[in-house]
1. Condition test on residue 253, is it in contact with a strand residue (DSSP E or B) (Cβ under 7 Å, 6 or more places away or on another chain), touching a residue at least 12 places away in the same chain (Cβ under 8 Å), surrounded by 15 or more Cβ atoms within 10 Å (Cβ to Cβ) and not in a helix (DSSP H, G or I)?
2. Within region 119-128, can one find any residue that is more than 11 Å from residue 263 (Cβ to Cβ) and free of Cβ contacts under 8 Å to residues at least 40 places away in the same chain?
3. What number goes with the only condition from (1) closer than 30 Å to residue 260 by Cα; (2) without any contact (Cβ under 8 Å) to a residue 60 or more places away in the chain; (3) assigned to a loop (DSSP other than H, G, I, E, B) that residue 75 does not pass?
4. Does at least one position in region 297-309 carry a residue that is in a helix (DSSP H, G or I), over 20 Å from the mean Cα position of the chain (by Cα) and either in the same structural domain as residue 256 (by TED's automatic domain parsing) or more than 24 Å from residue 166 (Cα to Cα) (or both)?
5. Are any residues in region 93-135 surrounded by fewer than 23 Cβ atoms within 10 Å (Cβ to Cβ) and under 21 Å from residue 73 (Cα atoms), and if so, which ones?
6. Given the criteria at pLDDT 95 or above, buried (at least 23 other Cβ atoms within 10 Å of the Cβ) and assigned by TED's automatic domain parsing to the domain that holds residue 279, does residue 228 qualify?
7. Would you confirm whether or not region 54-71 contains a residue that is exposed (fewer than 15 other Cβ atoms within 10 Å of the Cβ) and without any contact (Cβ under 8 Å) to a residue 24 or more places away in the chain?
8. Looking only at region 146-155, filter to residues that are at pLDDT 95 or above and surrounded by 17 or more Cβ atoms within 10 Å (Cβ to Cβ); which one of those is nearest to residue 298 (Cα to Cα)?
């Protein structure tokens, strides 16, 4: 049985064909396309599928946006993805759309241990809920709620909740961003574009070559400089980003009562992993009113496989027809 899996966001469109053999997922071919290069999801899929001409039985697509009745308006891309339309266009009997964090959540149970880095071992409660968040082009969040022996996955749009400052500097940051953006969602900071906002907030007089073109993503340059220690403003911008990320992860842990662990996914975490490991993330995670003892016991792990949403989508597609 051949299945199509996808991970679709504002920047990239990862697509893969998998064969289901004796219950195992075997990747046959995968390709990363630029989402911005295609006017619609249909055109991206057509380009990918024509290269292989496999007979697809089922498809599942993990998409950055709210899934409503198997349709998604992609959050950071002018694509409307409709499962029924895709099924008709490509002759695929079963098409399922997922939120991208929902896809990642399904992957947590099938990825090998080597695809995780532990920030804190904690005390794993096998009967506890779990939580997942991932910063990339935007910020995604998902809940994994314990129901007996299984975890029920619930996607959210938590990245669009309000930024909650914790101290005077973050209050100043909120005021700064409010003047620029109006509404300050937490993903205005916890996303790739957030690094440039923090850098400007800390010192608007310091610039770098990549800042000259507004079409260029400044995040790689800022994070590279921070890891290398070559720019004090970049170092402080990334440190502040990490603290806000840790605080938001702690907020999500409390809302989910995630005694079974919190997972941090997304491409940014992998790229700045040493800065997530220096203690700032965990300190901000724990620092909550009356809840520090509870939070300090929660396991924290980084998902290092950036194809996790693709694997989760493949898992879901395989179960559509099993």
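1. Details: in contact with a strand residue (DSSP E or B) (Cβ under 7 Å, 6 or more places away or on another chain): yes; touching a residue at least 12 places away in the same chain (Cβ under 8 Å): yes; surrounded by 15 or more Cβ atoms within 10 Å (Cβ to Cβ): yes; not in a helix (DSSP H, G or I): no.
No, not satisfied.
2. Within region 119-128, none of the residues are more than 11 Å from residue 263 (Cβ to Cβ) and free of Cβ contacts under 8 Å to residues at least 40 places away in the same chain.
3. (2)
4. Of region 297-309, the ones in a helix (DSSP H, G or I) are 308-309.
Filter again for over 20 Å from the mean Cα position of the chain (by Cα), leaving none.
No, every residue in region 297-309 fails to be in a helix (DSSP H, G or I), over 20 Å from the mean Cα position of the chain (by Cα) and either in the same structural domain as residue 256 (by TED's automatic domain parsing) or more than 24 Å from residue 166 (Cα to Cα) (or both).
5. The initial filter retains those residues of region 93-135 that are surrounded by fewer than 23 Cβ atoms within 10 Å (Cβ to Cβ), namely 93-94, 96, 109-129.
Of everything in region 93-135, those that are surrounded by fewer than 23 Cβ atoms within 10 Å (Cβ to Cβ) and under 21 Å from residue 73 (Cα atoms) turn out to be 94, 96.
6. Details: at pLDDT 95 or above: yes; buried (at least 23 other Cβ atoms within 10 Å of the Cβ): no; assigned by TED's automatic domain parsing to the domain that holds residue 279: yes.
No; evaluated as a whole, the condition is false for this residue.
7. Looking through region 54-71, at least one residue is exposed (fewer than 15 other Cβ atoms within 10 Å of the Cβ) and without any contact (Cβ under 8 Å) to a residue 24 or more places away in the chain.
8. If we take residues in region 146-155 being at pLDDT 95 or above and surrounded by 17 or more Cβ atoms within 10 Å (Cβ to Cβ), then 146 is nearest to residue 298 (Cα to Cα).
The values are calculated or read from the model by the stated rules, or taken from the named source; none is laboratory data. Keep in mind that what you see is a predicted model, and the values were worked out from it rather than measured. Here the Cβ is made from the backbone with ideal geometry for all residues, glycine too, and neighbour counts use every protein chain on show.
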